[in-house]
Amino acid sequence: GVCLRLYSEEDFHSRPAFTDPEIRRTNLAAVILQMKALRLGDVETFPFIDPPDPKQIRAGIKLLQELQALDDAGALTDVGRQLVKFPIDPRLGRMLVAAQAENCLTEMTVIVAALSIQDPRERPADQAQAADEKHALWRDEKSDFLAFLKLWHAFQQQRRHLSNTQLRKWCKAHFLSYLRMREWLDLHGQLLEIVKGELGWRPNQVAAEYDAIHRAVLAGLLSHVGFRRDKYEYEGPRGLKFYIFPGSGLFRARPRWLVSAEQVETSKVYARINAQVEPAWIERCAAHLVKRHHFDPHWERKARRVAAFERVTLFGLTLVERRKIAFEKIDPRRAREIFITEALVRGDYDCGLDFFRH
């Protein structure tokens with residue numbers, strides 16, 4: 001079709017002559033990671049032709065520290081040295097590093113390759129319902145990431161039995177882009193080559209569990225988690241409010257906690273490609289980022305210990321509201337004072353030993 005864009009002459013003359021250079025428009029995490037690996041010195045003083053905004057540099061460093069690719073001093077870590085090997089977004093590379101530890105590399109190489117390309121599922125406006133019905137064959141109500149795995153296995157099965165011409169027809173009948181499916185295959189092969197050849201990792205032979213796959217996903221998307229506050233609205237880190245995208249397999253299920261691959265702002269902020277997760281998994285994966293607040297230390301006669309409550313937060317999002325813990329592990333000195341005051345002085349202690357009776 002033909003698209004006509006109308007604007008005033010004043011608007012036209014007020015526009016910049018050229019588009020801003022890409023380095024000033026995109027996330028710099030991958031650039032910073034490569035510069036650290038090549039030892040090119042301080043990023044902020046590097047003589048770029050078009051220097052990026054210092055805010056973008058700080059945001060890139062912050063993301064790499066979130067991914068554990070850089071330490072607090074900004075030096076490259078072992079995780080960072082592994083991420084440099086992958087020609088993909090650092091968030092996605094971090095999923096592969098975590099997958100090696102979780103023993104789910106076979107599944108994650110497929111999922112990460114899918115997330116690195118444009119979605120191969122097509123949805124023409126005039127055939128939306130037919131496309132939805134075909135795509136429903138691979139839908140998963142707990143995880144859109146697993147939907148990619150189901151689609152991958154279906155495509156591989158057809159690929160083994162069909163010629164290229166027949167495979168194209170199968171893709172067209174199922175509203176899939178054949179070219180993007182080929183791109184998915186090529187990138188998957190490239191990732192496997194790096195994983196096995198350069199890093200010497202061994203993909204798992206036994207199918208991985210849901211928990212392991214999604215803990216690996218979480219490792220790269222810790223700032224993309226959310227908690228359902230009411231029927232539809234989710235609260236994410238740093239006070240972000242968002243909704244599940246209607247095309248997601250989780251749109252009807254609406255789990256209590258989820259992680260999303262991307263959050264897109266249109267009329268609202270929508271989370272696309274989602275999965276149900278547990279707050280305990282988030283806490284475990286974000287152990288280097290969570291903040292722990294301890295309150296109300298007290299003596300417990302029945303348990304014979306000084307206990308307190310713990311609140312765990314990630315970027316302001318509460319993961320654990322009120323967990324009981326042993327207070328002596330947090331503040332031994334204060335715990336001893338409470339024990340002496342409450343248990344010994346006030347006699348609130350079930351003990352038949354001579355010293356206590358005395």
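Applying the set (1) part of a loop (DSSP other than H, G, I, E, B); (2) closer than 28 Å to ALA99 by Cα to ILE61 leaves exactly one unmet item: (1). When you check LEU137 against the structure, is it more than 13 Å from GLY247 (Cα to Cα), in contact (Cβ under 8 Å) with a residue 24 or more places away in the chain and open to solvent by 40 Å² or more (accessible area, probe 1.4 Å), yes or no? Yes.
Which residue out of PHE145, PHE155 is in a helix (DSSP H, G or I), closer than 25 Å to GLY220 by Cβ and touching a strand residue (DSSP E or B) at 6+ places or on another chain (Cβ under 6 Å)?
On the way: PHE155 fails: touching a strand residue (DSSP E or B) at 6+ places or on another chain (Cβ under 6 Å).
On inspection, the qualifying residue turns out to be PHE145.
Taking the stated definitions as given, is ALA99 over 27 Å from ALA207 (Cα atoms), in contact (Cβ under 8 Å) with a residue 60 or more places away in the chain and touching an Asp or Glu at 6+ places or on another chain (Cβ under 8 Å)?
Working: over 27 Å from ALA207 (Cα atoms): no; in contact (Cβ under 8 Å) with a residue 60 or more places away in the chain: yes; touching an Asp or Glu at 6+ places or on another chain (Cβ under 8 Å): yes.
Criteria not met by ALA99.
When segment 262-280 is filtered for residues that are among the β-branched types (Val, Ile, Thr) and exposed (fewer than 14 other Cβ atoms within 10 Å of the Cβ), the ones remaining, listed by number, are VAL264, THR266.
Considering (1) within 23 Å of the chain's Cα centre (by Cα); (2) not in a helix (DSSP H, G or I); (3) not charged (D, E, K, R), the lone condition that GLY200 does not fulfil carries the number (1). Reported count of residues in segment 308-332, each being touching a Pro at 6+ places or on another chain (Cβ under 7 Å), over 27 Å from SER223 (Cα atoms) and part of a strand (DSSP E or B), is 1.
For the condition open to solvent by less than 60 Å² (accessible area, probe 1.4 Å) and either without any contact (Cβ under 8 Å) to a residue 24 or more places away in the chain or within 26 Å of LEU222 (Cβ to Cβ) (or both), ALA17 does not qualify.
Looking for whichever is surrounded by fewer than 23 Cβ atoms within 10 Å (Cβ to Cβ) and in contact (Cβ under 8 Å) with a residue 24 or more places away in the chain here; the options are ARG91, ARG58, ARG81. Which one fits? Even if it seems obvious, please write down each step before you answer.
Details: ARG91 fails: surrounded by fewer than 23 Cβ atoms within 10 Å (Cβ to Cβ); ARG58 fails: in contact (Cβ under 8 Å) with a residue 24 or more places away in the chain.
ARG81 is the lone residue from the list that is surrounded by fewer than 23 Cβ atoms within 10 Å (Cβ to Cβ) and in contact (Cβ under 8 Å) with a residue 24 or more places away in the chain.
Among the residues of segment 281-316, how many are surrounded by 14 or more Cβ atoms within 10 Å (Cβ to Cβ), within 15 Å of the chain's Cα centre (by Cα) and not β-branched (Val, Ile, Thr)? Of the residues in that region, 7 qualify.
For segment 167-191, a residue qualifies if it is under 22 Å from MET95 (Cα atoms) and either in contact with a helix residue (DSSP H, G or I) (Cβ under 6 Å, 6 or more places away or on another chain) or surrounded by 18 or more Cβ atoms within 10 Å (Cβ to Cβ) (or both), and the qualifying residues are MET181, TRP184, LEU187, HIS188, LEU191. Just one of the numbered conditions (1) touching a Ser or Thr at 6+ places or on another chain (Cβ under 7 Å); (2) aliphatic (A, V, I, L, M); (3) within 21 Å of HIS214 (Cβ to Cβ) is not true of LEU70: (3). Does segment 211-223 contain any residue that is under 14 Å from THR318 (Cα atoms) and touching a residue at least 40 places away in the same chain (Cβ under 8 Å)? Yes, there is a match, as at least one residue in segment 211-223 is under 14 Å from THR318 (Cα atoms) and touching a residue at least 40 places away in the same chain (Cβ under 8 Å).
When GLU328 is tested against the conditions (1) surrounded by 15 or more Cβ atoms within 10 Å (Cβ to Cβ); (2) over 30 Å from LEU240 (Cβ atoms); (3) out of contact with any strand residue (DSSP E or B) (no Cβ under 7 Å at 6 or more places or on another chain), the lone failure is (3). Does ASP20 qualify as being at pLDDT below 95, in contact with a Pro (Cβ under 6 Å, 6 or more places away or on another chain) and outside any helix (DSSP H, G or I)? Spelling it out, it is not the case that ASP20 is at pLDDT below 95, in contact with a Pro (Cβ under 6 Å, 6 or more places away or on another chain) and outside any helix (DSSP H, G or I).
Taking the options LEU240, LEU199, LEU222, name whichever one is open to solvent by less than 20 Å² (accessible area, probe 1.4 Å) and not aromatic (Phe, Trp, Tyr). Lay out the reasoning, then the answer.
On the way: LEU240 fails: open to solvent by less than 20 Å² (accessible area, probe 1.4 Å); LEU199 fails: open to solvent by less than 20 Å² (accessible area, probe 1.4 Å).
It is LEU222.
When LEU115 is tested against (1) surrounded by fewer than 16 Cβ atoms within 10 Å (Cβ to Cβ); (2) in contact (Cβ under 8 Å) with a residue 40 or more places away in the chain; (3) within 16 Å of the chain's Cα centre (by Cα), only condition (1) is not met.
Would you point out which residue out of GLU262, GLU278 is modelled with pLDDT of 95 or more and either among the charged types (D, E, K, R) or at positive phi (or both)?
Values: GLU262 fails: modelled with pLDDT of 95 or more.
None of the others qualify; the one that does is GLU278.
Screening ARG39 with (1) closer than 28 Å to ALA216 by Cβ; (2) surrounded by fewer than 21 Cβ atoms within 10 Å (Cβ to Cβ); (3) free of Cβ contacts under 8 Å to residues at least 40 places away in the same chain gives one miss only, at (1). Just to verify a result, which residue in segment 244-261, among those that are within 16 Å of the chain's Cα centre (by Cα) and under 18 Å from LEU149 (Cβ atoms), is surrounded by the fewest Cβ atoms within 10 Å (Cβ to Cβ)? By that ranking, first place goes to ALA261.
The values are calculated or read from the model by the stated rules, or taken from the named source; none is laboratory data. Just so we're clear, the structure is a prediction, and the values are computed from it rather than from any experiment. Here the Cβ is made from the backbone with ideal geometry for all residues, glycine too, and neighbour counts use every protein chain on show. To get the accessible areas, we keep the full protein, side chains included, count just its heavy atoms, and leave off ligands, DNA and RNA. Shrake-Rupley method; radii C 1.70, N 1.55, O 1.52, S 1.80 Å.
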